[in-house]
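The values are calculated or read from the model by the stated rules, or taken from the named source; none is laboratory data. As the structure is a computational prediction, the values presented were derived from the model and not from experiment. Note: ideal-geometry Cβ built from the backbone for every residue, glycine included; neighbour counts use all protein chains shown.
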């Protein structure tokens, strides 16, 4: 067997091994190396078509590698958001947290209601600072503070509000439309699962009170 045949067979072996690699980044690296190997083989035998198409494939793989590296590069969080991420979404990357956060919008409120007992709810709220009162049957039953959700039971159950939540002091609230969160769950389930876990913890803590 000629050296060029050994070179070609080693490249084929790498292609056979590639499907067993679970890490997407390393898989793309191996595929790029394989393509460059075939391009080199094509150059040695004088087949320019083999050279051309494998160089194209290597370029596509290289683009995928650069894209993955950019996605994995950590981005800084503003101090306030870093505290929220660490408290409610620990383990979620900064990039994914910013993607989730950008689906909502923040508002400063001094009064008003976030939910009204018996009425439909279409937004999930998170108190960033300040506080709110939970009122059921005309009686205040609880107080909510920073890093607590409002409307989470309606989001999970799909039912109307079980209580009225009224703002009684200046606060900042970040809100997400249920429809946007449902779309997120469909398209990016790895982002919505930490949210559901955080909601479950918040509900469990409220039930303890």
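Contact map, the stretch 19-34: residues that are free of Cβ contacts under 8 Å to residues at least 60 places away in the same chain paired with residues that are not in a helix (DSSP H, G or I), Cβ distance under 7 Å, separation 6+ or inter-chain. Pairs shown: 27/21; 30/21. So, of the residues in the stretch 15-30 that are out of contact with any helix residue (DSSP H, G or I) (no Cβ under 8 Å at 6 or more places or on another chain) and in a loop (DSSP other than H, G, I, E, B), which turns out to be farthest from residue 68 (Cα to Cα)? This residue is 22. Being touching a strand residue (DSSP E or B) at 6+ places or on another chain (Cβ under 7 Å) and exposed (fewer than 12 other Cβ atoms within 10 Å of the Cβ) holds for only one residue in 108, 129, and it is 108.
Kindly indicate whether residue 168 is more than 24 Å from the chain's Cα centre (by Cα) and over 23 Å from residue 109 (Cβ atoms). For residue 168, the condition - more than 24 Å from the chain's Cα centre (by Cα) and over 23 Å from residue 109 (Cβ atoms) - is not met. The set of residues in the stretch 132-163 being surrounded by fewer than 12 Cβ atoms within 10 Å (Cβ to Cβ) and on the phi > 0 side of the Ramachandran plot consists of 137, 138, 158. Does residue 191 satisfy the condition of being out of contact with any strand residue (DSSP E or B) (no Cβ under 8 Å at 6 or more places or on another chain), surrounded by 17 or more Cβ atoms within 10 Å (Cβ to Cβ), within 21 Å of residue 87 (Cβ to Cβ) and at pLDDT below 90? When the stated conditions are applied, residue 191 passes them. Considering the conditions (1) within 26 Å of residue 183 (Cβ to Cβ); (2) crowded, with 17+ Cβ neighbours inside 10 Å, residue 38 is excluded by exactly one of them, (1).
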